[in-house]
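The values are calculated or read from the model by the stated rules, or taken from the named source; none is laboratory data. Bear in mind that the values here come from a model prediction, so they are computed numbers and not experimental data. A quick note on method: Cβ atoms are made from the backbone with ideal geometry, for glycine too, and the neighbour counts reach across all protein chains shown.
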Amino acid sequence: MILLNGNTIHLQGKTLSYVMIRNHEEDLLNYHFGAKIPDMDYSSDPDVNKESFPFFRAPAEHPNLSSFPQEYPAYGRAEQRHPAFQLVNALGNSITALKYKSCRVLEGQAAEIPGMPAVFSGGKADTLEITLSDDAIGLTVLLSYVVYDEYDIIARSAALINDAQKPIVLRFAYSCCVDFPVHDYDLIHFCGDWGMERGLQRTRLHKGMTTEIADNTGRGSRWNNPFVMIARPETDEDHGEVFGFNLVYSGNHSTVVQCDHNSHLRVMQGVSPTSFRWELQPGELYHTPQSVICYSARGMGELSREYHRFYKNHLMRSKWVNRQRPILVNSWEGAYFTFTEETLLQLAKTSKDAGIELFVLDDGWFGKRDDAKSSLGDWTVHPAKFPNGLASFAEKLNAMGMLFGLWFEPEMVSPDSELYRAHPDWVVRVPQIEPIQYRFQYVLDLSRDDVCEYVIDAVSKILGSVNIAYVKWDMNRIVCDAPFEGYHHRYALGYYRIMKALTEAFPEILFEGCCSGGGRFDPGVLAYMPQIWTSDNTDAVSRLKIQYATSMCYPLSAMGAHVSAVPNHQTGRITSLKARGDIAYAGMFGFELDLTKMTEEEKAEVAQQAAYAKHIQPLIRDGDLYRLRSPFETNECIWEVVSPEKDHVFMMACRVLTVIMRSRYFDPKVRFRGLDPDAVYEDTVTGLRYSGSLLMNRGITLSYEFKDFATITMELRKV
Ligand code: DGJ
């Protein structure tokens, strides 16, 4: 709801209030972000008119804005903290002074952002658009807020317009700025690398400290995810205030957290300023991506559930969001590059016999690709591996009753490829030095229209001629050797253009994003693809942390989770097939191993897992997640999913290392959450019955097997 009251602009969500005021100088100030407060005009509150050292100020001077919380702080005059944007105007200086001009409400609409993904309304959103301007230099800034009555979410973005007669150069422009009146918060962010994505970090903020959480690798979120939380020191899963910031963007991003000298806290999120530059010709606009801000007064668990529900209903566009996803087998860890049509058909047949529904052919099917050294960009079938062509292979799978899925790495080209030989100028590079190769490959220059068109055309040809049900879209290197400042943003826009074109042209295909595992796990990708490969680390124990941390913002329905072989290829660890399956139930389930090498007993267990994953998927996909014990803080990882009707429950518990055997009385207990306290729930395996209130208030004992990596699952139905 958007409420305008005198000089106060008040956005209300389900339980949140986000309040701005205009002061007597037409500065736009932030007044409150947190739990709901009444609708009234707060602009005469003496609190917001009380600046530091007012007695040193002549009446005509501008207020010292550094003492006020601001909505979109400008650089260089009355504000000396970190600005939300900075530019160089036609006179060659950066001084900017923004004044409030007007605002308008777009009822029932969510503002769209040209060329970039954004949240959608679904008839449930209203948008507030505020116009600020600096008439002296000819700059207009539009601040946009998409707000929903049913969510504690606000999606913020900004657009900067050059109204001057000469060009303006943007140095950076954040999507949002939120100023909090106090600084005693923790910053929680998600830092990682290949095979160890989204390591959860929690840091106390201190006065005088400015921190930037950024990723400048050109591909989104390998080192830092564009999701941060600002939490009260006492906030945990179930209690306390927490604010989330998540950028709908898959390029270089930055979140700046500044605790100023007066103990105020400023949080800004947007495209990274590193090597950014954007020239605006007269009349041109620059759009920032959207930052999805979320508030919870009931801990991080509620914040996560809010993001999950919101993304499934108002960000993810694919038809597959609520559809049953096929249980898949992926050829990568089972075969890598070494396969023929026959060996794959054997794998497919064995997988089909185990109840697996989709066969995904990973890397190595095209050009002459027998290792990582060639053929990226040549999206034509490898003739020696598939002498009868890909369509014929797909037909054989379909005849077996299996769906066919295919891997691409559309943004890349190998130096040893027909594409590179024909278009050596299509790679991202500068003229004076050879571009760096990573994994023997170059990045295609997606800032060029002709390159984007080639990619769309080449991938479309395969998707249009072969019966393909699923696409895995990989991306295996950093984007470096950028030819000009601001290049990475142009690259991101090209990426979105291709992804939009392909996902819209093939709406029935289930797309899964991937980036050397989970290196590009962000809401920008989720807007187009309903699931993302969570990590190349398929070791079940490593996955406990990776999946747990990923779920802090992203829904389980978005996380690809596979059972792989042991010893695990990434860690060498040996875990039971049961543990591997139980832990993979936390996502969209599949297998990634050579089933033909398994014993009959193992194959039977795989069949049970495939059937169970299929059965439990609607709950995992559409239900509400409760994290009950953290693998970052304890020797266990326990989570539970409850259906929206609270009548169906699944719980998974893993004790990482065994502990000394004692009596059952000492065994750990788990207390469930989110159940109907007055209902009776029945364990679907043992038939034992428990009241909802007992499960939540006393808890039940978990009797783990006496071994490392022991797991327990439990499914309950309301009686
Ligand atoms: C990296 C991905 O994360 C893997 O799953 C696999 O597809 C390989 N690339 C193939 O090259």
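Of note:
- The residues of segment 536-560 that are under 23 Å from Leu303 (Cα atoms) and within 16 Å of the ligand (Cβ to nearest atom), listed by number, are Arg543, Ile546, Gln547, Thr550, Ala558, Met559, Gly560.
- A Cβ distance below 8 Å, combined with a sequence gap of six or more or placement on separate chains, defines the contacts here; from segment 375-404, residues that are at positive phi reach residues that are at pLDDT 95 or above and of a type in the set (Phe, Trp, Tyr) in the pairs Ser375/Phe366; Gly377/Tyr420.
- Scanning segment 390-431 for residues that are out of contact with any Leu (no Cβ under 7 Å at 6 or more places or on another chain) and either assigned to a loop (DSSP other than H, G, I, E, B) or within 16 Å of the ligand (Cβ to nearest atom) (or both) returns Gly401, Phe408, Pro410, Pro415, Asp416, His423, Val428, Arg429, Val430, Pro431.
- Restricting segment 365-385 to residues that are more than 18 Å from Val459 (Cα to Cα) and within 13 Å of the ligand (Cβ to nearest atom), the residue that is nearest to the chain's Cα centre (by Cα): Ala372
- Selection over segment 561-600 of residues that are of a type in the set (Phe, Trp, Tyr) and away from the ligand (no atom under 16 Å from the Cβ) gives a count of 1.
- Residues of segment 460-500 that turn out to be part of a helix (DSSP H, G or I) and hydrophobic (A, V, I, L, M, F, W, C), as a count: 6
- Within segment 548-567, the set of residues being without any contact (Cβ under 8 Å) to a residue 60 or more places away in the chain, surrounded by fewer than 24 Cβ atoms within 10 Å (Cβ to Cβ) and in contact with a helix residue (DSSP H, G or I) (Cβ under 8 Å, 6 or more places away or on another chain) comprises Val566 only.
- Checking each residue in segment 311-333 for being assigned to a helix (DSSP H, G or I) and buried (at least 23 other Cβ atoms within 10 Å of the Cβ) picks out Tyr311, His314, Trp332.
Residues checked against (1) at pLDDT below 95; (2) of a type in the set (A, V, I, L, M, F, W, C); (3) in contact with a strand residue (DSSP E or B) (Cβ under 6 Å, 6 or more places away or on another chain):
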{"position": "Asp522", "(1), (2), (3)": "no, no, yes"}
{"position": "Ala527", "(1), (2), (3)": "no, yes, no"}
{"position": "Trp533", "(1), (2), (3)": "no, yes, yes"}
{"position": "Val541", "(1), (2), (3)": "no, yes, no"}
{"position": "Met552", "(1), (2), (3)": "no, yes, no"}
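- Test: residue in segment 87-102 that is part of a strand (DSSP E or B), touching a Phe, Trp or Tyr at 6+ places or on another chain (Cβ under 8 Å) and either of a type in the set (Val, Ile, Thr) or closer than 18 Å to Gln269 by Cβ (or both): no
- Given (1) more than 30 Å from Pro117 (Cα to Cα); (2) surrounded by fewer than 20 Cβ atoms within 10 Å (Cβ to Cβ); (3) in contact with a Pro (Cβ under 9 Å, 6 or more places away or on another chain); (4) not aromatic (Phe, Trp, Tyr), number of the condition Glu601 does not satisfy: (3)
- Residue count for segment 315-347, restricted to those that are away from the ligand (no atom under 13 Å from the Cβ), closer than 27 Å to Ser557 by Cβ and polar (S, T, N, Q): 3.
- Test for Pro83: is it touching a helix residue (DSSP H, G or I) at 6+ places or on another chain (Cβ under 9 Å), at pLDDT 95 or above and closer than 21 Å to Asp260 by Cα: no
- Strands (runs of 3 or more DSSP E) completely within segment 147-214 that count 3 or more residues being touching a residue at least 12 places away in the same chain (Cβ under 8 Å) and farther than 27 Å from Leu285 by Cα: 186-191, 199-204
- Failed item, numbered, when Asp362 is tested on (1) more than 13 Å from the ligand (Cβ to nearest atom); (2) under 25 Å from Tyr612 (Cβ atoms): (1)
- Some residue of segment 439-449 being in contact with a strand residue (DSSP E or B) (Cβ under 9 Å, 6 or more places away or on another chain), farther than 22 Å from Leu510 by Cβ, of a type outside the set (Phe, Trp, Tyr) and more than 16 Å from the ligand (Cβ to nearest atom): yes
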